[in-house]
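The structure appears below as structure tokens.
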Amino acid sequence: MSESGAPIPAEVTEAVRGVLEHAGITTDADLVARILTTGVGLGMDRTSRLDLKITSAALTEMRAAFRLFAPFEDVPKATIFGSARTRPDDELYIATMRVARALAERGWMVVTGAGPGIMQAAAEGAGVDHSIGVSIRLPFEDKPNALLARSANNVAMKYFFTRKLMLVKESTGFVCLPGGFGTLDEMFELLTLQQTGKAEPTPIVLLDEPGGTFWAGLRRFVDEQLVTSGVISPHDFDRVLITDSVEAAADELTGFWRNYDSLRWVGGRLVLRLRAEPTPDEVDSLNEQFGSLVREGRIEAGTALPQELADADRPDLPRLILTPDQFQVGSLHRLIRAINELGSAPSTPGAVSS
């Protein structure tokens, strides 16, 4: 049966299975079958041609983007957002080049919207081999910038929502430079995903030109308007770093993965995988600092749970296991930062878990 609308006939479901077998699809065949039967369901629902075109184009674009990113699955990536109108002689352009170059030198790739301005600066700084572009087809900005136009590491999108999905999904760190509506939309979506727990915690840097006040003005608005009116929590904006230092920006992204490796939910329990095993005293200290995040019990050191072992999911790493208050998941970044500052933590950042 489709998730909504008329049931999918059994003979159609069986025919879909036959198609998958004929195509030799065995891995995740249940999910591929679900995609196909959803398409059948759209036809049975007499979905309008426009809606079918949107669905078809979105799936086609996502397939192309998934194929583009697949070879770089194990390479840490940072998405850089900013204005397409920033000129090459602007201090922001120069700062973008520098932070992209610093990340590339540390083994990261840089992902951008592949347009001019800040996006081109990031690609220039990182270099073609360390850049991936996800461009948008617009009447006045319909081609990737000159650097990425010569590279195979670029995919063009028709829809902003599919483009934004790839710009956010594939990266484990984000740098936002001053920009207009589009840049602010991207920045606020990042914060929303983090605040609501819809995305795993990642480092977010708001980088300004030396002495710049763009992001400081946003911070003032957040403190004076959003916090005081109660529409966000007092610490919601603490998850971002506001800086005009390129070095601090690069350190924030790479340092976030110094000790913290990844997380996984197992039922109501949250498992945080670390690079180094914490001492009992360090675990006690974390409980003192972050006991308010725990719904029941306490933060405990542990090893891989049975579900993780069954999936061979980072089984060798030490763990911290807790049952968090679901309304506090947006504050996990504070716990992660404390984990990275433990005395037992490695002195250098580790490889980012995919």
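The values are calculated or read from the model by the stated rules, or taken from the named source; none is laboratory data. Bear in mind that the values here come from a model prediction, so they are computed numbers and not experimental data. Please note: Cβ atoms are built from the backbone with ideal geometry, for glycine as well, and neighbour counts cover all protein chains shown. Each accessible area value is taken on the protein alone, full model and side chains, heavy atoms only, with ligands, DNA and RNA left out. Shrake-Rupley method; radii C 1.70, N 1.55, O 1.52, S 1.80 Å.
Within region 285-328, how many residues are open to solvent by 20 Å² or more (accessible area, probe 1.4 Å) and part of a helix (DSSP H, G or I)?
Adding up the residues that qualify gives 13.
Here is a yes/no grid of residues against (1) in contact with an Asp or Glu (Cβ under 6 Å, 6 or more places away or on another chain); (2) hydrophobic (A, V, I, L, M, F, W, C); (3) in contact (Cβ under 8 Å) with a residue 40 or more places away in the chain:
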site	(1), (2), (3)
170	no, no, yes
187	no, yes, yes
196	no, no, yes
204	no, yes, no
209	yes, no, yes
226	no, yes, no
242	no, yes, no
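Restricting the search to region 95-116, which residues are without any contact (Cβ under 8 Å) to a residue 60 or more places away in the chain and within 14 Å of residue 177 (Cβ to Cβ)?
Listed by number, the residues that qualify are 97, 100, 110, 112, 113, 115, 116.
When region 187-233 is examined, which residues are found to be open to solvent by less than 30 Å² (accessible area, probe 1.4 Å) and assigned to a helix (DSSP H, G or I)?
The answer is 187, 190, 191, 194, 215, 217, 218, 222.
Has region 103-113 got any residue that is in contact with a helix residue (DSSP H, G or I) (Cβ under 6 Å, 6 or more places away or on another chain) and at pLDDT below 95?
yes
I'd like the residue in region 46-62 that is in a helix (DSSP H, G or I) and charged (D, E, K, R) and, out of all such residues, is farthest from residue 203 (Cα to Cα).
Result: 49.
Mind listing just one residue for me: the one in region 123-133 that is out of contact with any Phe, Trp or Tyr (no Cβ under 9 Å at 6 or more places or on another chain) and not acidic (Asp, Glu) and, of those, surrounded by the most Cβ atoms within 10 Å (Cβ to Cβ)?
Looking at residues that are out of contact with any Phe, Trp or Tyr (no Cβ under 9 Å at 6 or more places or on another chain) and not acidic (Asp, Glu), I get 123.
Residues in region 250-280 that are farther than 21 Å from residue 309 by Cβ, outside any helix (DSSP H, G or I), open to solvent by 20 Å² or more (accessible area, probe 1.4 Å) and in contact with a Pro (Cβ under 9 Å, 6 or more places away or on another chain): how many?
The total comes to 1.
Could you please find all residues in region 63-117 being in a helix (DSSP H, G or I), open to solvent by 50 Å² or more (accessible area, probe 1.4 Å) and touching a Pro at 6+ places or on another chain (Cβ under 9 Å)?
Residues satisfying the conditions are 91, 94.
Please enumerate the residues belonging to region 154-169 that are at pLDDT 95 or above and either assigned to a strand (DSSP E or B) or in contact with a His (Cβ under 9 Å, 6 or more places away or on another chain) (or both).
none
Can you name every residue in region 13-24 that is surrounded by 13 or more Cβ atoms within 10 Å (Cβ to Cβ) and in a loop (DSSP other than H, G, I, E, B)?
Passing the criteria: none in range.
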